[in-house]
Amino acid sequence: MRPTATLLVPVLLALAWPGGSTAAQAIDPARSRVEFDVRTRLGPMVRGRFPDYAGRVETLPDGRHRVRVRLAAAAVIVAGPARYTALARGPQLFDVDRHPEIEFVSEPYPADLARTGGALPGRLRLRGVERTERFTLAPSGCARPGHDCPVIASGRIDRDDYGLEGWRWALADTVRFRLHVRFDD
């Protein structure tokens with residue numbers, strides 16, 4: 001399964017990351033959400049969310065931006081019976097005992113990307129594997145994305161790339177992520 005990389009783009013870690021930034025906007029977890037879904041082999045979707053995350057958008061000295069997001073994998077919730085959440089947290093999927101966090105750090109990008117939309121590449125670390133992924137930001141419907149309207153990001157990953165090997169007989173290989181991000185005002 002491949003979660004959508006754009007989703008992870010704007011959500012984790014807020015204050016303690018080094019990186020040469022001159023300013024940062026924290027993601028407001030009360031007004032933002034991080035979701036994922038994966039299709040079952042029989043067709044229906046399994047949907048989940050990450051309710052515990054932190055993130056920020058840094059303004060770099062050259063005016064470009066960078067997103068840093070951390071998701072608490074141990075807090076993942078999957079819709080449906082409680083056993084779905086237990087399976088997702090277990091060793092064959094997110095393996096939260098050994099890999100409690102998922103992290104995304106974008107490459108520097110133009111400041112107007114949240115307004116115009118487009119590709120947001122970066123490094124995703126999931127289950128101890130780090131790979132380059134690309135999320136897509138939707139064009140904004142307002143003048144101040146993240147304040148007057150959410151920044152919407154999406155992406156997908158392949159489960160094989162991150163060792164998410166459990167339940168192959170029941171779950172498809174692609175995991176899609178969606179993020180709806182608002183900033184602290």
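The values are calculated or read from the model by the stated rules, or taken from the named source; none is laboratory data. Just so we're clear, the structure is a prediction, and the values are computed from it rather than from any experiment. Cβ atoms come from the backbone with ideal geometry, glycine included; neighbour counts cover every protein chain shown.
What to note about this one:
- The residues of the range 152-162 that are surrounded by fewer than 18 Cβ atoms within 10 Å (Cβ to Cβ) and in a strand (DSSP E or B) amount to a single one, Asp158.
Residue by residue, here is whether (1) of a type in the set (S, T, N, Q); (2) under 16 Å from Arg176 (Cα atoms) holds:
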| site | (1), (2) |
| --- | --- |
| Val96 | no, no |
| Ile102 | no, yes |
| Ala119 | no, yes |
| Thr136 | yes, yes |
| Cys149 | no, no |
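- Sub-7 Å Cβ pairs linking a first residue in the range 160-185 that is more than 26 Å from Ser140 (Cβ to Cβ) and free of Cβ contacts under 8 Å to residues at least 40 places away in the same chain to a second residue that is surrounded by fewer than 18 Cβ atoms within 10 Å (Cβ to Cβ) and acidic (Asp, Glu), at least 6 apart or interchain, are Asp160/Asp173, ordered by first then second residue.
- Looking at Arg68, Arg98, Arg83, Arg64, just one residue is of a type in the set (D, E, K, R) and under 20 Å from Asp37 (Cβ atoms), and that residue is Arg83.
- The set of residues in the range 163-179 being closer than 15 Å to Gly48 by Cβ and either assigned to a loop (DSSP other than H, G, I, E, B) or of a type outside the set (A, V, I, L, M, F, W, C) (or both) consists of Leu164, Gly166, Trp167, Ala170, Thr174, Arg176, Arg178.
- Here Arg68 fits the description: under 17 Å from Ser154 (Cα atoms), buried (at least 16 other Cβ atoms within 10 Å of the Cβ) and touching a Lys or Arg at 6+ places or on another chain (Cβ under 9 Å).
- The condition (being more than 12 Å from the chain's Cα centre (by Cα), surrounded by 15 or more Cβ atoms within 10 Å (Cβ to Cβ) and aliphatic (A, V, I, L, M)) is satisfied by just one residue among Val96, Val105: Val96.
- Candidate set: the range 32-60, residues that are modelled with pLDDT of 95 or more and not in a strand (DSSP E or B); chosen: the one nearest to Phe183 (Cα to Cα): Ser32
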